[in-house]
Amino acid sequence: MATLPETPADLPSTSAADAARLRLGVLDIGSNSAHLRIADLSPGEAPAPVRSVKSAVRLAESTDRHGVIGRPAVGRLIGAVREASAAASAAGVGELVPLATSALRDAANRDDVAAEVRAATGVTLGFLSGEQEARLTFLAVRRWYGWSAGPVLLADIGGGSMELAYGAGEEPELALSLPLGAGRLTRHHLPGRPPVRKRTRKALRAHVRSVLGEAATEIVERPAPVRAVATSKTFTQLARLCGAPKGKAGPYAPRGLDRDDLHGWIPKLAKLPDAERARLRGVKASRAHQILAGAIVAEAVMDVLGLDRLDVCPWALREGIFLHRLDALSAGRPAGPPFEGAGGAAGAPCPVPVRPSPPEAGERAAAVRLHAVGTA
């Protein structure tokens, strides 16, 4: 976990020069973790990272066959939201966007879980649709590569879903979400322990290609992309596995994933137990169990769409949210759809002001007070 600031000098300035600046926190609750990213937003500048706090929640692996998230995972989620709220308050965050993606969004007991989180922490979780996730991630990719990228094709493999988007502008012409997340496929199609038989891999590949079918038709009918791009931890880890630079090389180091390299790794991953997969370069222990399913999906996407290589973009959904809010800040307007204030669409993520509690006995209070934002 990142270290929290200890002195007032670490907090954002309140001078006139900073009047247009917003310190925004995005709390992204995914299949495996709750990840708070904090960045300073200032018109005319790229989002400036400030701090990152990440906690394991393991929602996907705690979801039963009826789609119900188990009690231990709900407890982990509440703890993670409390920790993120305290970190946001301590860091001087001006607004917090708390949102949940596929694992909680698609859960049978999502409303009960969200209500329990709200009662225990005061934080109201919002939900983005899969299409909205695809659009915001596409925005991040477009801004990262710029107009010279031409028509862009985006693929993002999460724990519960996979997003695809295509377009020549800043908004995608096509944005889709498919139930092809690495965690979901592992639970439903690769439930046993490795080694995974060839026939099992073949059956999963056939399932993926079947689901991809209609989406692929819509994409291949459009002009070929100038740049095909991948985002997400799954693609980043697969690229590293296949030889891409380490994260320490920084965000500007070119990273990519070649289909031929990936194809060679799939039978190797199928033979290895999770503990040995976690020793491979780029593969984290928390994701080792689902890296094979992720590799099969990634290869199928590249094969069906006729892609030999995907460039891996360091910006993804959270950066798309930062940019969306920055655009509104620059224009002097509210955040706008899909982020709604009080009275907006039920379940939509809502940027809320964060008001740090005053220090008590020399220490910062852990609680963060959240107040709904009205839409003028």
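The values are calculated or read from the model by the stated rules, or taken from the named source; none is laboratory data. Just so you know, these numbers come straight off a predicted model, no measurement behind them. Here the Cβ is made from the backbone with ideal geometry for all residues, glycine too, and neighbour counts use every protein chain on show. Accessible surface is based on the protein model in full, side chains and every heavy atom, while ligands, DNA and RNA are left aside. Shrake-Rupley method; radii C 1.70, N 1.55, O 1.52, S 1.80 Å.
Before moving on, here are some points about what is shown:
- Among the candidates Ser52, Ser85, the residue that is in contact (Cβ under 8 Å) with a residue 12 or more places away in the chain, in contact with a strand residue (DSSP E or B) (Cβ under 8 Å, 6 or more places away or on another chain) and either among the acidic types (Asp, Glu) or crowded, with 22+ Cβ neighbours inside 10 Å (or both) is uniquely Ser85.
- Total residues in the range 283-333 satisfying the condition of being farther than 22 Å from Ala48 by Cβ, open to solvent by 50 Å² or more (accessible area, probe 1.4 Å) and outside any helix (DSSP H, G or I): the figure is 4.
- Ala224 vs. criteria under 24 Å from Ala288 (Cα atoms) and of a type in the set (A, V, I, L, M, F, W, C): no
- Residues in the range 27-45 that are in contact (Cβ under 8 Å) with a residue 12 or more places away in the chain and open to solvent by 60 Å² or more (accessible area, probe 1.4 Å): 2 in all.
- Members of the range 180-234 found to be of a type in the set (S, T, N, Q) and under 27 Å from Ala285 (Cβ atoms), listed by number: Thr186, Thr200, Thr231, Ser232, Thr234
- Matching residues in the range 61-96 - criterion: being touching a Pro at 6+ places or on another chain (Cβ under 9 Å) and farther than 30 Å from Ala20 by Cβ: Ser62
- Restricted to the range 220-277, and to residues there that are closer than 10 Å to Val312 by Cβ and of a type in the set (D, E, K, R), the residue that is surrounded by the most Cβ atoms within 10 Å (Cβ to Cβ) is Arg255.
Table: residues versus (1) under 21 Å from the mean Cα position of the chain (by Cα); (2) modelled with pLDDT under 95; (3) charged (D, E, K, R).
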| residue | (1), (2), (3) |
| --- | --- |
| Arg184 | yes, yes, yes |
| Arg193 | no, yes, yes |
| Thr200 | no, no, no |
| Arg205 | no, no, yes |
